[in-house]
Each structure stands twice: as structure tokens, then as C-alpha cells.
């Protein structure tokens with residue numbers, strides 16, 4: 001599908017619902033929608049009429065999805081930290097705990113970078129408000 005989208009073999013991707021488009025989670029799904037948009041392909045959910053890049057609320061929808069993706073990353077980070085705390089309570093795990101902590105920090109940095117790129121791309125500022133004048 002993305003290959004055809006990159007070649008502009010279609011203008012609009014109509015999917016039944018967001019969970020049918022991708023089951024990879026909010027962050028990856030947002031990346032897929034951003035990728036389609038970068039190819040100049042609009043997208044629309046058949047059953048979720050608010051998910052529509054062809055309408056006037058396009059930026060609002062992207063802002064909401066970005067906020068949901070951020071919350072998902074926060075929950076993942078909290079789970080990782082809780083797991084690290086449990087593991088640190090046990091003896092003989094300090095090397096693997098440090099490796100996990102380093103990996104989770106790298107994931108958090110990459111996720112934050114991706115989110116800020118999407119915010120700049122779609123022109124949304126803090127709390128989903130548009131930063132463009134006009």
C-alpha cells in the first residue's frame with residue numbers, strides 16, 4: 001500500500017476503522033498517517049468520521065492522535081521504570097538493569113524527537129493549538 005501511495009496511484013485511503021488500519025499502537029499508526037500525508041495521499045475512516053484528513057479538522061485530529069501517542073509513551077515508560085525498580089530490588093542484576101535503563105532512555109528520546117517532528121510538520125503548537133498565523 002505504501003509503495004502505491006508513494007507513486008500516487010491513489011489519492012485517498014479509506015479504511016474501515018483506525019484499529020483495522022494498523023494494530024501496531026498509536027505511535028506507529030500516527031507514523032503511517034504521517035507517511036501517507038507526506039506522499040500527498042489523504043486518509044479517511046469509514047466508521048470514525050472524525051478521522052478524516054480531507055476535512056477542516058485535519059490538524060485537530062492529528063493533534064489529538066499525537067497527544068494519545070504521547071500518553072502511550074508515558075505509560076510505557078512508567079511500566080519500564082516500575083520493572084527496573086522491581087529488578088533493582090533483587091541482587092545481582094545491576095548490569096542488566098543499567099542496560100535496560102539506557103535502552104528505555106534511548107526509546108524515550110527517539111519518541112520525543114518523532115513527536116516534535118510531527119508537531120512541526122502539522123503546524124501544531126502546545127496543547128494542539130495551531131502556531132501558524134492565519
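The values are calculated or read from the model by the stated rules, or taken from the named source; none is laboratory data. Note that the coordinates shown come from a computational prediction; the quantities given were computed from them, not determined experimentally. A quick note on method: Cβ atoms are made from the backbone with ideal geometry, for glycine too, and the neighbour counts reach across all protein chains shown.
Couple of notes before you dig in:
- Extreme residue, nearest to residue 65 (Cα to Cα), among residues of segment 11-39 that are at pLDDT below 90 and assigned to a loop (DSSP other than H, G, I, E, B): 25
- Being in contact with a helix residue (DSSP H, G or I) (Cβ under 7 Å, 6 or more places away or on another chain), closer than 20 Å to residue 108 by Cα and in contact (Cβ under 8 Å) with a residue 24 or more places away in the chain is a condition met by no residue of segment 36-45.
- Condition broken by residue 54, with the remaining ones in (1) surrounded by 13 or more Cβ atoms within 10 Å (Cβ to Cβ); (2) touching a strand residue (DSSP E or B) at 6+ places or on another chain (Cβ under 7 Å); (3) not in a helix (DSSP H, G or I) satisfied: (1)
- Scanning segment 59-90 for residues that are free of Cβ contacts under 8 Å to residues at least 40 places away in the same chain, surrounded by 15 or more Cβ atoms within 10 Å (Cβ to Cβ) and more than 19 Å from residue 25 (Cα to Cα) gives a single hit, 84.
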